[in-house]
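Every number in this text was worked out from the coordinates using simple rules, so none of it is lab data. For clarity, every value in this text was computed on a predicted model and none was experimentally measured. Quick reminder, even Gly has a Cβ in these numbers, built from the backbone with ideal geometry, and neighbours come from all protein chains shown.
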């Protein structure tokens, strides 16, 4: 059966709604990950993926917090944001932003994500001026880390 333009629009909207719902659900599951009494607590399948990556174990470990609000001025504009995961190591003077993304096509919105992480970087540089700040994406479809800033 030939697909009409209306069918394509409906299909695209349904796909977008599914992706949005799946992304929201995955973010909610990631926010449940905690580090208590020397081990991770939360959904077992996600903890297994975290434990398979030593860098991710450190970033998600006891020095990190989920859903951290940030606010301040960037280039004269007031911004209010929420970071998916923020790691702060006072001794090493290091801050790491971990932003969760559920995209399969990692290049499609990359520039938009880079701008978002640049805003986080600038906000955090005001709070931690003497710290090394890194911003990374955790691609949740394959649990790979990507350095952005």
Could you state the principal axis extents of the C-alpha atoms in region 5-147, from the largest down, to the nearest angstrom?
58, 43, 21
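Using Cα pairs closer than 8 Å and at least 6 residues apart in sequence, work out the relative contact order for region 61-136, in percent.
After rounding, I find 30 percent.
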If each residue's Cβ is checked for other Cβ atoms within 10 Å, how do 104, 83 rank with the fewest at the top?
104, 83
So how much slack lies between residue 27 and residue 143, counting 0.36 nm per residue of separation and subtracting their Cα-Cα distance, in nm?
40.5 nm
To the nearest 0.05, how large is the calculated FRET efficiency for residue 82 and residue 104 if R₀ is 35 Å and r is the Cβ-Cβ distance?
0.90
Stretch gain in nm, segment residue 35-residue 71, where the contour uses 0.36 nm per residue and the Cα spacing is subtracted
10.4 nm
Between helix 5-31 and the chain: long-axis angle, C-alpha atoms, 0 to 90°, nearest 10
20 degrees
If contacts are Cα pairs under 8 angstrom and at least 6 residues apart, what is the relative contact order of region 5-147 in percent?
18 percent
For the chain, longest principal axis from Cα atoms; helix 110-127 axis from its Cα atoms; angle between them, nearest 10 degrees, is 20 degrees
Considering only region 34-149, percent of DSSP beta bridges that pair antiparallel, nearest 5
75 percent
For region 64-149, the Debye formula with one identical point scatterer on each Cα and no solvent gives log10 I(q)/I(0) at q = 0.12, 0.14, 0.27 Å⁻¹ as -0.34, -0.47, -1.45
